[in-house]
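The values are calculated or read from the model by the stated rules, or taken from the named source; none is laboratory data. All values derive from a computational prediction rather than experimental measurement. Here the Cβ positions follow ideal geometry from the backbone for every residue, glycine too, while neighbour counts run over all protein chains shown. Accessible surface is based on the protein model in full, side chains and every heavy atom, while ligands, DNA and RNA are left aside. Shrake-Rupley method; radii C 1.70, N 1.55, O 1.52, S 1.80 Å.
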Number of protein chains: 4
Amino acid sequence: MPTKKKPQVTASPERRRELLDTAAEVFAAQGYNATTVRKIADHAGMLAGSLYYHFDSKESMLEEILRTFLDELWSGYDAVLDAELGPRETLEALVTESFREIDRHRAAVAIYQKEAKHLAVQERFEFLAASQRKFEKAWLTTLERGVEDRNFRADLDIRLTYRFVRDTVWVAASWYRPGGQHSPEEIARQYLSMVLDGIAVRPT
Amino acid sequence: MPTKKKPQVTASPERRRELLDTAAEVFAAQGYNATTVRKIADHAGMLAGSLYYHFDSKESMLEEILRTFLDELWSGYDAVLDAELGPRETLEALVTESFREIDRHRAAVAIYQKEAKHLAVQERFEFLAASQRKFEKAWLTTLERGVEDRNFRADLDIRLTYRFVRDTVWVAASWYRPGGQHSPEEIARQYLSMVLDGIAVRPT
Amino acid sequence: MPTKKKPQVTASPERRRELLDTAAEVFAAQGYNATTVRKIADHAGMLAGSLYYHFDSKESMLEEILRTFLDELWSGYDAVLDAELGPRETLEALVTESFREIDRHRAAVAIYQKEAKHLAVQERFEFLAASQRKFEKAWLTTLERGVEDRNFRADLDIRLTYRFVRDTVWVAASWYRPGGQHSPEEIARQYLSMVLDGIAVRPT
Amino acid sequence: MPTKKKPQVTASPERRRELLDTAAEVFAAQGYNATTVRKIADHAGMLAGSLYYHFDSKESMLEEILRTFLDELWSGYDAVLDAELGPRETLEALVTESFREIDRHRAAVAIYQKEAKHLAVQERFEFLAASQRKFEKAWLTTLERGVEDRNFRADLDIRLTYRFVRDTVWVAASWYRPGGQHSPEEIARQYLSMVLDGIAVRPT
DNA sequence: GATGAATGAGAGTTCATTCAT
DNA sequence: TATGAATGAACTCTCATTCAT
């Protein structure tokens, strides 16, 4: 019986988006598994069953949240990568872009951080693994170019450096609150300063 | 009729430890909530119900895992702090100690990373919040001393720097595999080099 | 404010009939319980809620389908019984009439076969039980008359024979497809031949 | 995670059998879809969840009920077919065997009658379709041999005859109650008499 | 120490039904 | 007449936990 059961993509995409934002907030706060659909529905001011008018399942909400976030993230990243800047400028632009995404999709990023690793093995979430591979490649390439150009230090293990930069940026989602005292660009600036030049005072 | 409670501390503490190690491994791999006691029992070669001879509950296993880890962590940290080294040496010692703990308690650290934030609000896990406060104080103090001594840069937001250093170290638990090519000390050395001096090549 | 009830009998009775035919088809194919009002609405090209403009409930659709079928069936049967034919001719006429009904109301007959027994206990479907009683009486009387007249064999258990004839005819609804190679009259002829004379070759 | 979740085939097969018998009774009485696992559990004197210690799902209970029944049925049928009797004796033996199975597995047979058709399309219940094909072949062959040997009438549509005989026997499950006044053998005898020689009195 | 069987609460999901528009 | 969105009860199933043996 191949008739599409649920609307999947119903008319009003605004309601859908509202509900997904609510869900993302709860997933981020309590963890995906610990979040019941009843909690989501509570936050949305409706009954649990009513969510199923809009979505197929709890998992499909999760998928849509992550997919939407990654789509936007990559549209930003691709713009940076296509600009073919020098390695240091590329790194700066990627980090800045990342903090902007954290600012815009804080909940989705937090979910991603916590759940991506064990989700990626499921076929449904294969796109997470694909994104991770693409991500790794972009960063490693940038770092390698930077080492060649003598922008970045040659004495460091490059995979270790990649992980360092990657994690350093994204874990910020776990404490970042939009509308705080620092703009994403300001945070990016300070992070970049630390990552690039270190926190120690330079001997003159 | 003595106490009604479960044995809590049964005969052999080794069996207990074995079971907790098994549980930690599974919690780390799949997340606490997604881990059923059945899975733990499977890994331990017994039936779910049998675990209750050794432990009060799934939650008490989690508590014991985290408590044991934090106890050991703090015995290391306290030794460092009591030595009253200079701020830079203190930072180096704390980071090195942290990587040693990751090496020894990888599973517990991974669990801690993923679950601590939402657990800390429960009374039972108040010790997590306490540890976090103590942790924050130790680091902030060290950083402040370092800024005063002109060991560390004065132009950075100190809380941001604290988070940077803290996260930078602990997220390593998410990818670290004991017995790999790098010893914890070697990883610590490289991380410290990045954190202190940055990844950019210094102008000479 | 007139009656609070739903329109029950709305404007066009043709639309009603169309929808009932659709519903009957789906009920017959999937079973009443396994059929959702959504599936019916899908087949009718409308949304589930819209059906409630035409009908009170899913159950009332079922009731109307069965009632309509039985009304027509009995108008045929009554004509036969009122003709006061001999027992053998009555049996032949009843069987032929039955196959005509199967031809005309295949879906309703199939539903009846599958659901009548457990529905009949509900007050709402008392008419099913009533029909069954009337049905049984008509058949038993006919068979008894036939035995008296020496049209039918006297050595058979009469209730067993009744069930044999009854079931033999009606289960045909489960495989019969209108518009096939055999007309209902032809099928009736062959069934009657088997029922009356058996499938074995007669010794001459 | 390929670890077998549920015992599937646990130790005590008696308990399993008891529960399946209970389930079969309820399925037969109310229909599979209309039967809730709670009802089954009620009849078994336990809670709904407890059934899942013994079975994977409601559907797996249904499967096991039908499979067990068909296995036994075919062990009887195969014995008959392997005996290579004449067509009339084969028919008699198959019908008698069928009534014995109805006697032994009344509930399973009733379920089979009601649900087989729409279940057979699911992959899980492919064995139903396979059985039906085998069944059809056995009967058609027997009937054809009988026509050749001039045991059975040549003037009847053979597929129609097949359906007639098949249905005639199996619908008996819908009214048969074990322990009634007729033994299965006696019912078989009367049915055979009707099927073979008809219900009409023979002209002498 | 461990098993087998059960409990009971609560999870995700389905679905007949309602109703303002 | 029909739609879109929601309700609420009931469903199948999961799982931490208990306990007699």
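Output the residue which, of all residues in segment B:188-204 that are under 19 Å from B:E97 (Cα atoms) and open to solvent by less than 30 Å² (accessible area, probe 1.4 Å), is nearest to the chain's Cα centre (by Cα). First the steps, then the outcome.
Residues of segment B:188-204 that are under 19 Å from B:E97 (Cα atoms), as a first pass: B:188-196.
Among the residues that remain, those that are also open to solvent by less than 30 Å² (accessible area, probe 1.4 Å) are: B:188, B:190-196.
Values: B:A188: 15, B:Q190: 20, B:Y191: 17, B:L192: 18, B:S193: 22, B:M194: 21, B:V195: 20, B:L196: 22 Å.
Among them, the one singled out is B:A188.
Right, B:L140: away from chain A (no Cβ under 13 Å), within 26 Å of B:E84 (Cβ to Cβ) and open to solvent by 20 Å² or more (accessible area, probe 1.4 Å) or not? Outline the logic, then answer.
Working: away from chain A (no Cβ under 13 Å): yes; within 26 Å of B:E84 (Cβ to Cβ): yes; open to solvent by 20 Å² or more (accessible area, probe 1.4 Å): yes.
Judged against the criteria, B:L140 is a match.
So, in segment B:13-33, of the ones that are open to solvent by 60 Å² or more (accessible area, probe 1.4 Å) and either of a type in the set (K, R) or on the phi > 0 side of the Ramachandran plot (or both), which residue ends up nearest to DNA strand F (Cβ to nearest atom)?
Here the residue is B:R15.
What residue, among those in segment A:112-128 that are more than 12 Å from chain B (Cβ to nearest Cβ) and hydrophobic (A, V, I, L, M, F, W, C), is nearest to A:V169 (Cα to Cα)?
My answer is A:L128.
Which of the residues belonging to segment B:34-68 are within 14 Å of chain A (Cβ to nearest Cβ), exposed (fewer than 15 other Cβ atoms within 10 Å of the Cβ) and either within 12 Å of DNA strand E (Cβ to nearest atom) or of a type in the set (K, R) (or both)?
Result: B:T36, single match.
Just to be sure before I move on: is D:R163 on the phi < 0 side of the Ramachandran plot and either within 9 Å of another protein chain (Cβ to nearest Cβ) or not in a helix (DSSP H, G or I) (or both) in the structure I sent? Give the derivation first.
Values: on the phi < 0 side of the Ramachandran plot: yes; either within 9 Å of another protein chain (Cβ to nearest Cβ) or not in a helix (DSSP H, G or I) (or both): yes.
Yes.
Quickly run through segment D:34-68 and pick out the residues that are in contact (Cβ under 8 Å) with a residue 60 or more places away in the chain and within 11 Å of DNA strand F (Cβ to nearest atom).
Here is the first cut: in segment D:34-68, the residues in contact (Cβ under 8 Å) with a residue 60 or more places away in the chain are D:59, D:63, D:66-67.
Of everything in segment D:34-68, just one residue is in contact (Cβ under 8 Å) with a residue 60 or more places away in the chain and within 11 Å of DNA strand F (Cβ to nearest atom), namely D:E59.
Could you say whether any residue in segment D:75-83 is within 16 Å of DNA strand F (Cβ to nearest atom), away from every other protein chain (no Cβ under 14 Å) and out of contact with any Gly (no Cβ under 9 Å at 6 or more places or on another chain)?
Within segment D:75-83 (the criterion being within 16 Å of DNA strand F (Cβ to nearest atom), away from every other protein chain (no Cβ under 14 Å) and out of contact with any Gly (no Cβ under 9 Å at 6 or more places or on another chain)), the answer is no, since none of the residues qualifies.
The conditions are (1) near DNA strand F (Cβ under 9 Å from one of its atoms); (2) more than 14 Å from chain C (Cβ to nearest Cβ); (3) surrounded by fewer than 18 Cβ atoms within 10 Å (Cβ to Cβ), and D:D71 fails exactly one of them. Which is it?
(1)
Any idea which of (1) open to solvent by less than 40 Å² (accessible area, probe 1.4 Å); (2) more than 10 Å from chain A (Cβ to nearest Cβ) is the one B:E185 doesn't satisfy?
In the conditions (1) open to solvent by less than 40 Å² (accessible area, probe 1.4 Å); (2) more than 10 Å from chain A (Cβ to nearest Cβ), B:E185 misses (1) alone.
Which of the residues belonging to segment B:190-204 are under 17 Å from A:M194 (Cα atoms) and either more than 8 Å from chain A (Cβ to nearest Cβ) or in a loop (DSSP other than H, G, I, E, B) (or both)?
Residues satisfying the conditions are B:L192, B:G198, B:I199, B:V201, B:R202, B:P203.
Please verify whether B:R133 is away from every other protein chain (no Cβ under 12 Å), in contact (Cβ under 8 Å) with a residue 24 or more places away in the chain and surrounded by fewer than 19 Cβ atoms within 10 Å (Cβ to Cβ), treating the condition exactly as stated.
No; evaluated as a whole, the condition is false for this residue.
I need a count of the residues in segment D:143-182 that are of a type in the set (V, I, T) and either touching a Cys at 6+ places or on another chain (Cβ under 7 Å) or open to solvent by 20 Å² or more (accessible area, probe 1.4 Å) (or both).
Residues that pass the stated criteria total 2.
When you check D:A93 against the structure, is it closer than 20 Å to D:K114 by Cα and out of contact with any strand residue (DSSP E or B) (no Cβ under 9 Å at 6 or more places or on another chain), yes or no?
When the stated conditions are applied, D:A93 does not pass them.
Show the residue pairs meeting these rules: Cβ distance below 7 Å; 6+ apart or different chains; first residue within segment D:103-123 and more than 18 Å from C:G31 (Cβ to Cβ); second residue outside any helix (DSSP H, G or I).
As it stands, the answer is D:D103/D:P178; D:R106/D:Y176; D:R106/D:P178, since those pairs meet every condition given.
Which residues, counting only those in segment C:83-124, are farther than 18 Å from C:D167 by Cβ and acidic (D, E)?
If the condition is that a residue be farther than 18 Å from C:D167 by Cβ and acidic (D, E), then C:E84, C:E89, C:D103, C:E123 are the ones that fit.
Restricting to segment A:14-33, name every residue that is in contact (Cβ under 8 Å) with a residue 24 or more places away in the chain and away from every other protein chain (no Cβ under 14 Å).
Within segment A:14-33, A:R15, A:R16, A:E18, A:L19, A:L20, A:D21, A:A23, A:A24 qualify.
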